[in-house]
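Asker: This is the structure I want to talk about, given as structure tokens.
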Amino acid sequence: MARMQHFGWFFGRGFGPQGWLRDDYLWGHRWDRPQLYQQSAKELEQAGLDLLIVEDSISPGPAEQLDLRVRSALGAPKLDPLLLTPYLFAATTHLGVAPTVNAGVYPPYLAARQFSTLQHLSDYRVGLNVVTDVKSSRHFGIPELDHDKAYDRAEEWMHVVRQLWHSWADGAIVEDTDTWRYADGSKLDAFQHRGEYFELDGPLNALPFDKPGNSGDPVIVSPGGSGRGLAFAGHNSDVQLALAPLDVESIRAYRAKIHAAAEAEGRDPASIRILFVFTPEIVSSDDEAERLVRASAHPSDADLHEVIERQSIITETDLTGQSLDAPLDLGVFGQHVSKGSIGGLVGKHDPETPLRELFIAKYRKGRITDGSGSVGTVTQVADFVERLGEEAGNDGFIFNGDLHPATVHRILDRLVPELRRRGILRSEFGGGGLRANLNDF
Ligand SMILES: Cc1cc2nc3c(=O)[nH]c(=O)nc-3n(C[C@H](O)[C@H](O)[C@H](O)COP(=O)(O)O)c2cc1C
């Protein structure tokens with residue numbers, strides 16, 4: 001029997017126009033209503049996925065990039081994922097949901113209370129996807145910290161959120177209907193936190209979790225991939241949303257970094273589930289795979305336009321006006337643009353390469369069988385998933401796509417039965433909530 005793995009879904013556009021830029025949009029679902037998401041969440045639960053992570057960015061972007069971010073709906077509009085979450089819980093029984101929370105802008109007391117409430121409402125199925133983006137600071141009148149300081153702040157935020165969750169000692173809830181004493185105030189911790197970034201007093205005004213130790217806490221998810229991001233995961237996270245090349249060596253190296261950070265903090269590395277972002281493209285035959293890969297070397301104008309829009313969002317620079325036949329002038333990128341994003345576009349290409357070639361390379365698909373991409377038959381994709389479980393000790397994968405029935409079915413319809421047949425994907429849940437599900441294997 002192959003190794004069981006955990007699977008999730010990252011709904012990478014966030015609570016925005018699902019399906020936009022694809023014909024899927026013409027199904028006519030209302031993206032600003034809950035039914036579309038409820039329908040998809042039910043399918044994910046039926047498919048045996050453990051959790052759904054909802055991307056978010058609070059800001060529509062800086063003034064000079066508003067058109068860039070809204071015209072393809074890749075950056076905005078977005079509604080608040082925290083408010084969508086209870087609708088998803090209402091439609092499901094086992095699926096965990098982790099909305100994104102920015103540790104820089106949510107006051108820790110407010111976040112601790114909201115997530116405590118969601119944990120109770122969902123019967124222990126909520127997670128927090130903790131991010132450190134600083135670009136929305138201007139909407140809150142707070143200073144924009146640099147990358148590492150934003151992580152320092154997030155570490156302190158996480159510490160104090162946990163302290164708030166545990167500010168009611170065991171036995172604080174009495175619920176004695178003879179005396180009508182509901183709780184014992186002497187068991188509440190009116191602590192005073194005076195840190196570098198936050199000053200606040202406890203205790204939290206919420207019902208404590210009625211599971212022992214930390215086992216009732218909401219699940220902490222993190223996506224940061226820098227050294228600081230991986231250390232944050234090692235210190236704090238139950239699930240890491242990992243973005244890395246999908247080969248045995250890269251997965252082992254990524255896991256080792258998080259495990260080392262966990263050990264340095266005295267945590268058991270085996271308690272962290274590291275799930276790699278994966279978007280398989282499943283085809284019916286080897287011939288079809290070959291055709292698709294070959295055709296991707298010649299994108300249509302519309303396909304190329306979508307690549308340019310996406311790369312413009314990723315590099316925070318409008319590239320649509322650049323000549324496609326000239327080499328890319330790196331001077332177009334401001335100082336603030338992530339070197340990783342520029343590197344992702346430029347890759348290892350010769351500096352004289354025309355821009356069109358760089359975009360075509362981004363569009364190009366590859367075969368899963370030779371490690372050049374994610375196109376394969378269901379057998380080939382399942383072989384790949386199984387091999388990374390066996391050889392890299394992989395904990396599992398997060399599929400990435402809009403939360404739209406067409407996207408969900410495209411990725412999962414054929415894969416779910418095949419993974420179940422091999423004993424890699426669960427067919428039932430225990431009923432103890434998200435943390436318990438993640439600890440099932
Ligand atoms: C797979 C993945 C998903 C992310 N999702 C979000 C998100 O939903 N919202 C957000 O503000 N940042 C998101 N980020 C950005 C990270 O939170 C973080 O701000 C950024 O990656 C910088 O951290 P790093 O340098 O450690 O990677 C994501 C990053 C990755 C790799």
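Asker: For the condition out of contact with any helix residue (DSSP H, G or I) (no Cβ under 7 Å at 6 or more places or on another chain), of a type in the set (D, E, K, R) and within 16 Å of the ligand (Cβ to nearest atom), what is the one hit in D148, D152? Explain how you work it out, then say what you get.
Answerer: Details: D148 fails: out of contact with any helix residue (DSSP H, G or I) (no Cβ under 7 Å at 6 or more places or on another chain).
Residue meeting the stated conditions: D152.
Asker: Enumerate the helices (runs of 4 or more DSSP H) found wholly within the stretch 301-392, keeping only those where 3 or more residues are of a type in the set (V, I, T).
Answerer: Result: 301-314, 378-392.
Asker: On the given criteria, is V221 modelled with pLDDT of 95 or more, aliphatic (A, V, I, L, M) and out of contact with any Leu (no Cβ under 9 Å at 6 or more places or on another chain)?
Answerer: Against the criterion (modelled with pLDDT of 95 or more, aliphatic (A, V, I, L, M) and out of contact with any Leu (no Cβ under 9 Å at 6 or more places or on another chain)), V221 does not qualify.
Asker: V134: more than 9 Å from the ligand (Cβ to nearest atom) and either over 22 Å from N205 (Cα atoms) or more than 18 Å from the chain's Cα centre (by Cα) (or both), yes or no?
Answerer: No; evaluated as a whole, the condition is false for this residue.
Asker: Between a residue in the stretch 119-147 that is outside any loop (DSSP other than H, G, I, E, B) and any residue that is more than 16 Å from the ligand (Cβ to nearest atom) and at pLDDT below 95, which pairs come within a Cβ distance under 8 Å, given they are 6 or more apart or on different chains?
Answerer: Short answer, once both residue conditions are applied: S137/P143.
Asker: To continue, here is another question. Can you say whether D201 is among the acidic types (D, E) and in contact with a strand residue (DSSP E or B) (Cβ under 7 Å, 6 or more places away or on another chain), as far as the supplied structure shows?
Answerer: Answer is yes for this residue.
Asker: Next question, about the same structure. Could you list, in sequence order, the residues of the stretch 195-209 that are free of Cβ contacts under 8 Å to residues at least 40 places away in the same chain and either within 12 Å of the ligand (Cβ to nearest atom) or outside any loop (DSSP other than H, G, I, E, B) (or both)?
Answerer: Within the stretch 195-209, E199, D201 meet the criteria.
Asker: Do we have any residue at all in the stretch 270-287 that's within 28 Å of V219 (Cα to Cα) and in a helix (DSSP H, G or I)?
Answerer: Of all residues in the stretch 270-287, those within 28 Å of V219 (Cα to Cα) come to 270-280.
Then keep just the ones that are in a helix (DSSP H, G or I); that gives 270-271.
So far as the stretch 270-287 goes, yes, one or more of its residues are within 28 Å of V219 (Cα to Cα) and in a helix (DSSP H, G or I).
Asker: Consider the stretch 205-255. How many of its residues are surrounded by fewer than 21 Cβ atoms within 10 Å (Cβ to Cβ) and among the β-branched types (V, I, T)?
Answerer: 1
Asker: Among the residues of the stretch 210-224, write down those that are part of a loop (DSSP other than H, G, I, E, B), in contact (Cβ under 8 Å) with a residue 60 or more places away in the chain and either in contact with a strand residue (DSSP E or B) (Cβ under 9 Å, 6 or more places away or on another chain) or not basic (K, R) (or both).
Answerer: S215, G216, D217, P218, P223, G224
Asker: Inside the stretch 210-250, can you point out the residues that are farther than 22 Å from N400 by Cβ, out of contact with any helix residue (DSSP H, G or I) (no Cβ under 6 Å at 6 or more places or on another chain) and within 12 Å of the ligand (Cβ to nearest atom)?
Answerer: If the condition is that a residue be farther than 22 Å from N400 by Cβ, out of contact with any helix residue (DSSP H, G or I) (no Cβ under 6 Å at 6 or more places or on another chain) and within 12 Å of the ligand (Cβ to nearest atom), then G227 is the only one that fits.
Asker: Across the stretch 186-201, what is the total count of residues that are surrounded by 12 or more Cβ atoms within 10 Å (Cβ to Cβ) and over 23 Å from I142 (Cα atoms)?
Answerer: 4
Asker: If I ask for residues that are in contact with a strand residue (DSSP E or B) (Cβ under 7 Å, 6 or more places away or on another chain) and within 15 Å of the ligand (Cβ to nearest atom), which ones from the stretch 20-76 would you list?
Answerer: L51, L52, I53, V54, E55, D56, I58
Asker: Take the residues in the stretch 293-303 that are of a type outside the set (G, A, S) and at pLDDT below 95, then tell me which one is surrounded by the most Cβ atoms within 10 Å (Cβ to Cβ). So that I can check it myself, show each step before the final result.
Answerer: Residues of the stretch 293-303 that are of a type outside the set (G, A, S), as a first pass: 293-294, 298-299, 301, 303.
Now narrow it down to the ones that are at pLDDT below 95: 301, 303.
Numbers: D301: 7, D303: 15.
Ranking the candidates gives D303 first.
Asker: Being of a type in the set (G, A, S), over 26 Å from D318 (Cβ atoms) and without any contact (Cβ under 8 Å) to a residue 24 or more places away in the chain is the filter here, so list the residues in the stretch 20-79 that pass it.
Answerer: The one that is of a type in the set (G, A, S), over 26 Å from D318 (Cβ atoms) and without any contact (Cβ under 8 Å) to a residue 24 or more places away in the chain: G28.
Asker: Do you know which residues across the stretch 185-194 are over 30 Å from D148 (Cα atoms), outside any helix (DSSP H, G or I) and touching a Gly at 6+ places or on another chain (Cβ under 7 Å)?
Answerer: Hits for the stretch 185-194 are D189, A190.
Asker: A follow-up question, please. Please go through (1) under 26 Å from L68 (Cα atoms); (2) more than 25 Å from the chain's Cα centre (by Cα); (3) of a type outside the set (V, I, T) for R422 and return the number of the only condition it doesn't satisfy.
Answerer: Result: R422 passes all but (1).
Asker: Answer yes if at least one residue in the stretch 170-180 is at negative phi, surrounded by 17 or more Cβ atoms within 10 Å (Cβ to Cβ), at pLDDT 95 or above and not in a helix (DSSP H, G or I), and no otherwise.
Answerer: Checked against the condition, which is being at negative phi, surrounded by 17 or more Cβ atoms within 10 Å (Cβ to Cβ), at pLDDT 95 or above and not in a helix (DSSP H, G or I), the stretch 170-180 yields at least one hit.
Asker: Now for a different question. Starting from the stretch 267-279, keep only residues that are of a type in the set (S, T, Y), then list their pairs with residues that are assigned to a loop (DSSP other than H, G, I, E, B) whose Cβ atoms are within a distance under 9 Å, requiring at least 6 positions of separation or different chains.
Answerer: If the second residue must be assigned to a loop (DSSP other than H, G, I, E, B), the pairs left are S271/D238; S271/N439; T279/S374; T279/G401.
Asker: Select from the stretch 10-36 the residues that are closer than 29 Å to D238 by Cβ and either of a type in the set (S, T, N, Q) or not assigned by TED's automatic domain parsing to the domain that holds Y87 (or both) and list them in ascending order.
Answerer: Q18
The values are calculated or read from the model by the stated rules, or taken from the named source; none is laboratory data. For clarity, every value in this text was computed on a predicted model and none was experimentally measured. Glycine also receives a Cβ, built like all others from the backbone with ideal geometry; neighbour counts cover every protein chain displayed.
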